[in-house]
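What follows draws every value from the coordinates through simple rules; no lab data is involved. Fair warning: this is a prediction, and the values are worked out from it, not measured in the lab. FYI the Cβ positions are ideal-geometry reconstructions off the backbone, even for glycines, and counts take in every protein chain you see.
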Amino acid sequence: MVVKVYKPCVPLSAIATSSTHGEDSPYFAGWRAYDEDPYDATTNPSGVIQMGLAENQVSFDLLEKYLEEHQEVSKLVNGIGGFRENALFQDYHGLNSFRKAMASFMEEIRGGKVKFDSNRIVLTAGATAANELLTFIIANPGDALLVPTPYYPGFDRDLRWRTGVNIIPVNCNSSNKFQITKQALEEAYAKAKKADLQVKGLLMTNPSNPLGTAMTRPVLEEILNFISSKNMHLISDEIYSGSVFSSEEFISIAEILEERGYADAQRVHIVYSLSKDLGLPGFRVGAIYSYNDAVVTTARRMSSFTLVSSQTQKMLSPMLSDVTFTKNYIKTNRERLKRRYNYVVERLRECGIECLHGNAGLFCWMNLKPLLEEATTDGELKLWETILKDLKLDISPGSSCHCTEPGWFRVCFANMSIETLDVALSRFTSFMEKRRKT
Amino acid sequence: MTRFSRASSNPSPETNPAPPRLKSDEGPAMRIIVPLQGVVQGRGGLVLGSLLPCALFYFLQLYLKSRNRPSQSPPSSPPTTLSTPDDHHASPSSPPSASGSTIHRTLSRGLLSPRSHPNVSSRAAAVARPDEDSLYYVGYKKCLRDPFHRVDNPEGIIQLGLAENRLSQDLILDWLEKNAYGALLGGDKPGELNIMGLTTYLPFDGSDNFKNAVAGFMGQVLQESVLFDPSQIVLTSGATPAMEILSFCLADPGNAFLVPSPYYPGWDRDIKWRTGVELVPVPCRSTDNFNISIPALERAYTQAKKRGLKIRAVLIANPTNPTGHVLSRDTLIDLLDFVTEKNIHLISDEVFAGSIHGESKFVSVAEVLESEGIDKTRVHIVYGLSKDLPLPGFRVGVIHSYNETVIAASAKLARFSSVSAPTQQLLTVMLSDKQFISNYLEANRQRMRRMYLLFVDALKQVGIECANSEAGFYCWADMSRYITSYSEKGEKKLWEKLLTVAKVNVTPGLSCHCIEPGWFRCCFTTLTEEDIPLVVERMKRVTQGPK
């Protein structure tokens, strides 16, 4: 006879056992499907092609070329360089040279239209950490942030999990190309008030993920006026700023602030990262740029939990400060993304699929409303499953991004070779052909 | 500095709703009266109720305004060390000034300042406050402004307050110079560059290769007495986030950990800050050689329970910081029995496990678990590469747990604190070079032993005795005979004297929650042998100077 011994379980926290990590959504289920059956041109040609990961692989050859050509950097690559005594140590200010390099790079991306003070930069291990840090700083548990929809699914986790802060969506729809309107902002704010939630800030992504569009000047002005009137903060996540296809089409919130003489600038904080524009997500380099001294000071101290490796800072510093390199990189990266985007949109159009007109990012926002059996979230998820199981394509359903209109999907195109992209597109083509026949 | 003090002086910002917005063309008087009416609620009649508070409020604003003069901090000197230093030192430059057309609004803002600025959270306000009460950080800051340098600044402050080890960094640097380029960028063919593997997203809790290398290193540090399973490891950007992430997993806001004291001052910030977890010090006594006392833990547990405070774990450091002890196997077993009986966790911070300079052999709690057959799911180890290898800048920390849920949750939380890919790559190669690591650990041990003996002897020369330590970068010095009043105040005065007269930065016991006044932690691993006589000279200024 087997005696079952019951061992008392040591209790864990609510955070450890909750599902606020948000990883139960289809967004992540698709990734798991890919992990279990990843496409490979030779060994697994019928595997799942990952189109749900916004990674930029189109320009890493430029990085390799730079490192090859700059021999002195190779010495720095081992993380030493400079003063030997201080080589291995650093504090949470980060290396001065690296902060300056980041400021310079951010200025390059904005075509020199704004200046950034490197002393206002706080380094974090990625933009994920930067967004969470800012949330900790501007809001208390139980407070709320307004976030325009559709938004990056990771926000549900990054902004809410440990912070205890709520997200109130600012709903946008296709009637005006998903632009943020004053009405939508006011509605969201009123909703929060009704639920007795204190709204501490608005977090927007510009250019938008998943829409792939840069925000226009009137909308930015509207938003600035709104947050000022409501005495709240504004976080502008500009991690895709270097991925706008044409530099004239990106307007950073920094530009608007400068035009306004930095009045009320202490409300505004910019998040940046090298993960998307520079295609270095593994390096874990993010930054907060804040016009608010208290936020800079606090963020710097709080960054103790999420510092950037000094080796990495030393390695990237010369490259990011090299204006010749960065100018060329940014220009080339933009051109290549634009080419890919146009290619993808054209191929999709040929088989009868339309996309939102985008001008930025590593993805397109695809309209599959005509394919839905029913115009509901369930209908959308059914279609998503079909695409995953039958087409073996992992794309992100709009509902994961809190899009209120069913039928939209985010499709990433920059994280694979052109050959793989062709395979993916031909799968769409066959699928649409089959549908036409039935 | 003064700008953030303005923001942080907000009275409970999370409970005061933003006042109704005032139009900028209204007179200054309205700006003062309207917000106040809600506060005063018209008590004492409209005249008294409005005018008196108005006057007081007006004078308060004038007072605040006169305090808030822009200050210029000196430009930052090259950053030298990492612990959890404070930040006064390089305050951000003031924001671009308002253009002429907004002068009117700026003036009114001066009168209403706390309300028309968006507030920071209470969490942020708590940490944005100047750390005047934390001597651990004050000393660090002062040292940064006036750092000792043998040639350039011989009268500067000697830093003995930061547990960093420079004794053997030359060995690391040599290895890096020879091997790092190949380790980082080596493609399949010699001379070929291949950074693809570095650039893409890696698992947030560390790549498999790196986990294997770290698990192997941890085993090597323990002289293979324990085999660490890489799947029970989560890697983070430093031991600081490792400790915080673990705290988030083991306790809810308002819960507490029992912590034998004196303990590492950084925990007060790292653990309590964002998690809302309390730390309950459980004092150890010099008569007991500062050993952990189970009866004291029992008492603390019972008292906490009476106060309605839920204890979720016992937190220890082994080797201990600041006392530098290696815990005995028996103590570990007693601790395990205690936490088992209370059904709580045990967190063992073993960051100094490879920095033993004494004779005792280090026993990890992992080793005791293997042999004693205790429920492992309640035991968690924090480790990192900042101490045993002098790589604090590279940011590598470890959570080791046998608890699947803790590992799963920590792995997800590690997304906020991941190790940089090139660092993972570089260190995978370094840690796999077992011969180098073995040589390093041994050479470092010998250098530490030598320096420890020299330093303790130097302190003895000026009449300062140290408790017996065997590990860590510091000694635990008894300077109680030099304090004028045997109290916290007396210790603080002595600390200040050491900083301003002897110009030496040491960590006072009160920062470590030591209940016996007069103990100080002094780090010796940033010194060279030539510095020792100088340290003696400096200390004499206090020990032999006027009281």
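A few points about this structure:
- Shape category assigned to chain A from the gyration tensor of Cα positions, a/c cut at 1.5: rounded
- Taking amide hydrogens as placed 1.01 Å from N in the peptide plane, the amide H of A:Gln198 sits under 5 Å from those of A:Ala144, each at least 5 positions away in sequence or on another chain.
- Scaled against 2.2 N^0.38 Å for its residue count N, the alpha carbon radius of gyration of the range A:224-357 is 1.28.
- Maximal additional length on extending the A:Glu249-A:Arg436 stretch stands at 63.6 nm, based on 0.36 nm per residue less the C-alpha distance.
- Inverse mean reciprocal Cα-Cα distance (Kirkwood Rh) of the range A:370-423, Å: 11.9
- Placed amide H near A:Thr404: partners under 5 Å, 5+ positions off or other chain: A:Cys172
- Two-site label geometry, A:Glu258 and A:His357: point separation in nm, points 7 Å out along Cα→Cβ: 2.8
- Average Cα contact separation per residue, chain A, under 8 Å, 6 or more apart, as relative contact order %: 24
- Label-point separation, B:Glu465 to B:Ile333 (7 Å along Cα→Cβ), nm: 3.2
- Cβ-based exposure ranking for A:Leu393, B:Leu167, B:Leu315, in which fewest neighbours within 10 Å come first: B:Leu167, A:Leu393, B:Leu315
- Phi angles across the range B:465-471 convert, under the Karplus curve 6.51 cos²θ - 1.76 cosθ + 1.60 with θ = phi - 60°, into 3J(HN,Hα) values of 9, 10, 5, 5, 10, 10, 8 Hz, Gly and Pro given as x.
- Cα Rg, Dmax (largest Cα-Cα span) when computed across the range B:427-488, Å: 17.4, 54
- Cross-link pairs beyond the 27 Å C-alpha cut-off, checked among A:Lys200/A:Lys338; B:Lys211/B:Lys376; B:Lys141/B:Lys492; B:Lys142/B:Lys387; A:Lys177/A:Lys338; B:Lys361/B:Lys434: A:Lys200/A:Lys338
- Each of B:Arg521, A:Arg120, A:Arg427, A:Arg435 was scored by other Cβ atoms within 10 Å of its Cβ. Listed from fewest to most, they are A:Arg435, A:Arg427, A:Arg120, B:Arg521.
- Shape category assigned to the range B:325-477 from the gyration tensor of Cα positions, a/c cut at 1.5: oblate
- For the range A:196-281, the extents of the C-alpha atoms along the principal axes are 38, 30, 21 Å, listed from largest to smallest.
- Average beta-carbon neighbours from other chains, 10 Å sphere, peptide A:122-132: 4
- Span from the the range A:374-438 Cα centroid across to the the range A:191-239 one, whole angstrom: 29
- Alpha-carbon spread of the range A:180-238, three principal axes, descending order, Å: 33, 21, 19
- Put simply, the amide H of B:Asn291, placed in the peptide plane, has neighbours under 5 Å in B:Arg285, leaving out anything fewer than 5 places away on its chain.
- Number of partner chain Cβ atoms within 10 Å, mean per residue of B:404-413: 3
- Converting phi to 3J(HN,Hα) with the Karplus coefficients 6.51, -1.76 and 1.60 and the offset θ = phi - 60°, the range B:404-420 yields 4, 5, 5, 5, 4, 5, 4, 4, 6, 5, 5, 4, 7, 8, 8, 7, 5 Hz in sequence order, with x at every glycine or proline.
- Here B:Thr484 and B:Lys141 are evaluated by their C-beta separation; at R0 = 22 Å the FRET efficiency comes out at 0.30.
- Here the Karplus curve 6.51 cos²θ - 1.76 cosθ + 1.60, taken at θ = phi - 60°, turns the phi angles of the range B:474-490 into couplings of 9, 10, 10, 9, 9, 10, 4, 5, 9, 9, 6, 10, 6, 7, 4, 4, x Hz, with x standing for Gly and Pro.
- Taking every C-alpha pair closer than 8 Å and separated by at least 6 residues, the mean separation divided by the residue count of the range B:310-439 gives a relative contact order of 19 percent.
- Cross-link pairs beyond the 19 Å C-alpha cut-off, checked among B:Lys306/B:Lys342; A:Lys100/A:Lys327; A:Lys191/A:Lys382: A:Lys191/A:Lys382
- Per-pair calculated FRET efficiency, R0 = 30 Å: A:Asp40 and A:Asp390 via Cβ, rounded to 0.05: 0.95
- 222 nm mean residue ellipticity, helices alone, for chain A (DSSP H n ≥ 4; -39,500 (n - 2.57); rounded to 500): -12500 deg cm²/dmol
- Using alpha carbons only, the radius of gyration of the range B:395-547 set against its Kirkwood radius gives Rg/Rh = 1.11.
- Peptide B:232-244 is shielded by partner chain Cβ atoms: per residue, an average of 3 of them sit within 10 Å of its Cβ.
- Most mobile of A:Ile256, A:Ile330, A:Ile15 in a GNM of chain A (Cα contacts under 10 Å): A:Ile15
- Projecting label points 7 angstrom from Cα along Cα→Cβ for B:Arg450 and A:Arg336 puts them 5.2 nm apart.
- The coefficient of translational diffusion for the range A:303-438, derived via Stokes-Einstein from the alpha carbon Kirkwood radius under 37 °C and 0.692 mPa s, stands at 190 µm²/s.
- Taken over the range B:350-436, the alpha-carbon convex hull comes to 123 cubic angstrom per residue.
- Between A:Asn328 and B:His149, the FRET efficiency from the beta-carbon distance, with R0 = 35 Å, is close to 0.25.
- Taking the DSSP beta bridges with both ends in chain A, the antiparallel portion is around 50 percent.
- Taking other C-beta atoms within 10 angstrom as a stand-in for reagent exposure, B:Arg450, A:Arg284 fall in the order B:Arg450, A:Arg284, fewest first.
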